[in-house]
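The values are calculated or read from the model by the stated rules, or taken from the named source; none is laboratory data. Computed from a prediction, not measured in an experiment: that's the story for all the values here. Counting neighbours? That spans all protein chains shown, and the Cβs are built from the backbone with ideal geometry, glycine included. All accessible areas refer to the heavy atoms of the entire protein, side chains included, with ligands and DNA or RNA removed. Shrake-Rupley method; radii C 1.70, N 1.55, O 1.52, S 1.80 Å.
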Amino acid sequence: MRAARFYDRGDIRVEEINEPAVKTGQVGIDVAWCGICGTDLHEFLDEPIFCPSAEHPNPITGEVPPVTLGHEMSGIVNFVGQGVSGLKVGDHVVVEPYIVPEGTDTSETGHYNLSEGSNFIGLGGNGGGLAEKISVDER
Ligand SMILES: [Zn+2]
């Protein structure tokens with residue numbers, strides 16, 4: 001599949017990469033739409049801010065460049081992983097792109113958006129919406 005991947009300041013490439021695996025508790029999504037955020041522009045024009053660099057891997061995902069960009073996406077569920085109960089193939093979805101540390105309380109009262117070291121799918125790793133497909137946790 002094709003994906004727009006961030007390598008470094010001024011270096012984004014559209015490349016062929018493998019489709020993401022759908023792990024337990026995840027769904028696969030055919031991306032329908034993805035915005036280009038001002039943050040994406042700052043990553044490209046200035047320096048890695050949320051994106052990892054070769055010297056500074058993302059502390060949660062462990063990823064270094066290249067990472068797939070795109071954190072404002074919608075799509076259609078194309079595969080339901082083991083243990084997923086709230087979504088089915090064909091559902092139209094949007095992705096809340098938070099990357100939070102393992103064990104973080106992601107309930108509505110958990111304030112997980114303020115977790116130390118939190119980041120975003122499509123910047124810090126775990127794929128991105130500027131690709132044909134993505135796999136994300138059911139939540
Ligand atoms: Zn954004």
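Springs between alpha-carbon atoms under 10 Å, Gaussian network over the chain: tell me which of Asp40, Asp30, Asp11 tops the mean-square fluctuations.
Asp11
Highest first, please rank the peptides 103-111, 51-59, 115-123 by the mean number of other Cβ atoms sitting within 10 Å of their residues.
Taking the mean over residues of other Cβ atoms within 10 Å, the ranking is 115-123, 51-59, 103-111.
Report the Stokes-Einstein translational diffusion coefficient (µm² s⁻¹, integer) for the stretch 14-66, Rh taken as the Kirkwood radius over Cα pairs, at 25 °C with viscosity 0.890 mPa s.
The calculation lands on 180 µm²/s.
First compute the accessible area of the stretch 2-137 with a 1.4 Å probe, then give the percent of it belonging to carbon and sulfur atoms.
Summing carbon and sulfur atoms, their accessible area is 51 percent of the total for the stretch 2-137.
If one computes the Cα centroid of the stretch 87-123 and of the stretch 57-71, what distance in Å separates the two points?
Measuring centre to centre over Cα atoms gives 15 Å.
Output the direction-averaged projected area (hull surface divided by four) of the convex hull of the alpha-carbon atoms of the chain, in nm².
Over every viewing direction, the Cα hull of the chain projects on average to 8.1 nm².
Residues of the stretch 2-137: accessible area per residue at 1.4 Å, in Å²? Numbers along the way, then the final one.
Details: 7780 Å² over 136 residues.
That works out to 57 Å² per residue.
If each of Val89 and Asn113 carries a label point 7 Å out from its Cα toward its Cβ, how far apart are those two points in nm?
For the pair Val89/Asn113, the computed spacing is 3.4 nm.
Could you run the Karplus curve 6.51 cos²θ - 1.76 cosθ + 1.60 with θ = phi - 60° over the stretch 14-30 and give me ³J(HN,Hα) per residue in whole Hz, x for Gly and Pro?
Once rounded to whole Hz, the list reads 8, 10, 8, 9, 5, 5, x, 6, 9, 8, 3, x, 10, 10, x, 10, 7.
Within the stretch 45-59, find all residues whose amide N lies under 20 Å from a label point positioned 7 Å from the Cα of Arg9 along Cα-to-beta-carbon.
45-58
In the stretch 18-64, which chymotrypsin sites (Phe, Trp or Tyr not before Pro) are in a loop and have at most 13 other Cβ atoms within 10 Å, using DSSP for the loop call?
Filter output for the stretch 18-64: empty list.
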